[in-house]
Structures are given as structure tokens and as C-alpha cells.
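Student: Pasting a structure below so you can have a look.
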Amino acid sequence: MRNLQGLSEVLENFDALILDLWGLIHDGVTAYPGVIKTFEGLRDNGVRTILLSNAPRRSQLLVEGMANMGIGRDLYDDIFSSGEATNIELISRQDPFFQSLGRAVYHIGPDRDTSVLDGTNIEKNQCIKKADFILNTGPVLLTHGVTDYKEVLFEAMQLKLPMVCANPDEVVVRGGKRVICAGALARYYEELGGTVVYRGKPDPAIYKLAIDRLGMRDSSRVAVVGDSLATDVAGANAANLKSIWCTGGIHADALGVSYGEVADTNKARAYALSVGHMPWATIASFRL
């Protein structure tokens, strides 16, 4: 595992990058310092970029959200979200699990995530006893924890409702604060005995899709950059891609650093080993 001062040290090795969003590019509210300059530098060096996020909503909504942070659509080549992947599955129903789902869904999550149901011909029914399955896009309020959903999840388990989790992340940093995500609710549902299917990172299938969208034939020329060992690094390893771990994101507290501060190499290595997902390299922030 090597420690990079900037991405420019390894650009000769890669023609394209698969980039995370939360914890690398922005904190859910504000773009991190210097990211626009980094995007411009990558573009000037001919490096293609796709933003791959576990956000449980359609990709276009992420484009609009980043534009509001000053990150224009011209700065990256493509974008794809776990919410988009879920929407595609709910429409196509090619996967056996999705084929088996009914047309009435109980949605756990904020209204801003209902775009996942666009064009699916699925009816949102908030009477759980009348639902065929659960769509889990995360807590309704950022202040909610898993305990706020124990009752409804227990009832769903008794009804044997399958769950579609549109965001495998268990926690994310938003505006400097840690909040739970859909993945935390899904893991609890599994502990109860419920059935869950996930769409998004670290599933290697979503990385293959990202590579295809980039038009890359040689995956050895593609690297993954992200802040989560459990999703970004684990997914890259599963997809046989090199990963560059941003230590200033979700694991910053554990490493005793903040975004942009260089983590101790030995400490970072030991932490990655303890989690069980070793990156190819580390970087303190999204910078050239």
C-alpha cells in the first residue's frame, strides 16, 4: 500500500477513474476545497471519470445537487447511482429476485428518494399489510437511528416481506456529522431473519457497468477512488480493480485525521487490515 500526495503520481497508469462522491468530492452539503481544480486537471490530462455513488435516488438528481455545490456537469464524463441501478432492476425485472416482487411497495425513506420508482408501474402503499415488498432508501430524517425503525421492520419480517436496499452504505458523513443510511436498516432486517437484496457498491457488477459506460476495454487501466473500505475498496477488490483510499472521509476519526490531512501509513495499513479490505494506495483528499 503506497501513500500518494496526489493523483498525478499515478495518472500514467490509468486512463479512467471511478470516483465516489460522499467523503471524497463533497460531504453531502458542500464540495471539499480544491475538488473543481482536480476535476479540471483530470480532464486536461485526458483521464475519463465516472462518479459512482450509493445514493438511493436517480442519477440526474445527483447531477443537480452537485451543480448547486458548484460542481458542473462538464467536469466529469458520466454518473451512476445505486438508486439508478435499483430503478433499472425494478423496470426490467430480469433478475429472478425482482421478477418475484409484486406491484405494491412499502417505502422506508424520505420522499426525495421516490424517484427510484419512476416508470416502474409500482404503487407506493404505506399500509405495510397491503405491501408486497419493502423499498429501503434510508431513514426519513437525518436524526433517526435504527431503533426508530425496529417496530416496522419486525412487522415486515413477520409478514415475510422481501426488502430492496437501494443504498448498501451503513453510515455516511453529512455536513460533518455521521448519519445512518439504508444499509444499516437492511443489516438489522437481516438479523431479524428478513430477506434483503442490495444494489450498489461493493457489488462487482456495478463496477463492470461503470467500466462499460466509460467505454474502457482494458480494466487494468481503471482505478477506483473512494473513502469507504467496506464499499469502495471492497468493491474494487472484488472487481479486480486497483483502489485509492481517501483516508480523510468516513474513516477519518478512526485514523485521527481530518479531510486533507495525511494519515500515518502504519496506522492506515493496520486499520485496513482490521477491516479486511486492503487498498492499493491511499490519499488524503481528492487532489492532483
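Bear in mind that the values in this text are calculations on the coordinates, not laboratory data. Please read all numbers here as calculations on a predicted model, not as lab measurements. No Cβ is skipped: glycine too gets one built from the backbone with ideal geometry, and neighbour counts run over all protein chains shown.
Student: Quick one: which residues, 5 or more positions from Tyr32 or on another chain, have an amide H under 5 Å from its amide H? H modelled 1.01 Å from N in the peptide plane, none for Pro or chain starts.
Tutor: His26, Asp27
Student: Counting Lys and Arg as +1 and Asp and Glu as -1, what is the net charge of the other residues whose Cβ lies under 13 Å from the Cβ of Asn240?
Tutor: +2
Student: Hey, another quick one. How large is the direction-averaged shadow of the alpha-carbon convex hull of the range 95-198, in nm²?
Tutor: 6.4
Student: If you place +1 on the Cβ of every Lys and Arg, -1 on the Cβ of every Asp and Glu, and leave all else neutral, what size is the dipole of the chain about its Cα centre, to the nearest 20 Debye?
Tutor: 220
Student: I would also like to ask the following. At a threshold of 8 angstrom on Cα-Cα distance, excluding pairs fewer than six apart, so keeping six or more, what relative contact order does the chain reach in percent?
Tutor: Relative contact order, the chain: 23 percent.
Student: Which of Tyr149, Gly176, Gly194 sits farthest toward the positive end of the charge dipole of the range 95-198, with +1 on the Cβ of Lys and Arg and -1 on the Cβ of Asp and Glu?
Tutor: Highest projection toward the positive end goes to Gly176.
Student: Report ³J(HN,Hα) in whole Hz for each residue of the range 26-38, in order, from the Karplus equation J = 6.51 cos²θ - 1.76 cosθ + 1.60 where θ = phi - 60°; Gly and Pro get x.
Tutor: Karplus values, whole Hz, x for Gly and Pro: 8, 10, x, 10, 10, 5, 6, x, x, 5, 5, 4, 5.
Student: Of the trypsin sites (Lys or Arg not before Pro) in the range 165-273, which ones lie in a loop per DSSP and count no more than 10 other C-beta atoms within 10 Å?
Tutor: Answer by residue number: Arg217.
Student: For the chain, just say rounded, prolate or oblate: build the C-alpha gyration tensor, square-root its eigenvalues into a ≥ b ≥ c, call rounded for a/c under 1.5, and beyond that prolate if a/b exceeds b/c, oblate if not.
Tutor: Here the chain falls in the prolate category.
Student: Here is a follow-up. How many angstrom lie between the C-alpha centres of the range 195-209 and the range 23-78?
Tutor: Answer, in whole Å: 21.
Student: Based on the Cβ-Cβ distance of Ser274 and Val10, what FRET efficiency does E = 1/(1 + (r/R0)^6) give at R0 = 30 Å, to the nearest 0.05?
Tutor: With R0 = 30 Å, the Cβ-Cβ based efficiency is 0.75.
Student: Magnitude of the Cβ-charge dipole of the range 95-198, K/R +1 and D/E -1, about the Cα centre, nearest 20 debye?
Tutor: Using only the charged Cβ atoms, the result is roughly 160 debye.
Student: Continuing with the same structure: Whole-Hz ³J(HN,Hα) for each residue in the range 123-129, computed from phi via Karplus 6.51 cos²θ - 1.76 cosθ + 1.60 with θ = phi - 60°, x for glycine and proline: what do you get?
Tutor: For the range 123-129, the Karplus curve yields 8, 7, 10, 8, 9, 4, 5 Hz.
Student: What pairs from Lys242/Lys267; Lys130/Lys201; Lys208/Lys267; Lys129/Lys160; Lys124/Lys177; Lys130/Lys150 go past 22 Å between their alpha carbons?
Tutor: Lys130/Lys201; Lys208/Lys267; Lys124/Lys177
Student: Between Asn45 and Val152, what is the label-to-label distance in nm when each label sits 7 Å out along the Cα-to-Cβ direction?
Tutor: So the label points at Asn45 and Val152 sit 4.5 nm apart.
Student: Taking H placed 1.01 Å from N in the peptide plane, check which residues at least 5 places from Leu51 or on another chain put their amide H under 5 Å from its amide H.
Tutor: Leu19, Asp78, Ile79, Phe80
Student: Treating only the Cβ of Lys, Arg, Asp and Glu as charged (+1, +1, -1, -1), what charge dipole size does the range 1-97 show about its Cα centre? Round to the nearest 20 debye.
Tutor: Using only the charged Cβ atoms, the result is roughly 180 debye.
Student: In degrees, nearest 10, range 0 to 90: what is the angle between the Cα axis of helix 182-192 and the longest Cα principal axis of the chain?
Tutor: 50
Student: Roughly what angle does helix 82-92 make with the longest principal axis of the chain, taking Cα atoms, 0 to 90 degrees, to the nearest 10?
Tutor: 50
Student: First check a/c for the range 164-225, with a ≥ b ≥ c the square roots of the eigenvalues of its C-alpha gyration tensor; if it is under 1.5, answer rounded, and if not, answer prolate when a/b is larger than b/c or oblate otherwise.
Tutor: Oblate.
Student: Separate question: Counting DSSP beta bridges with both partners in the chain, what percentage is antiparallel, nearest 5?
Tutor: Among the beta bridges of the chain, antiparallel pairing accounts for roughly 10 percent.
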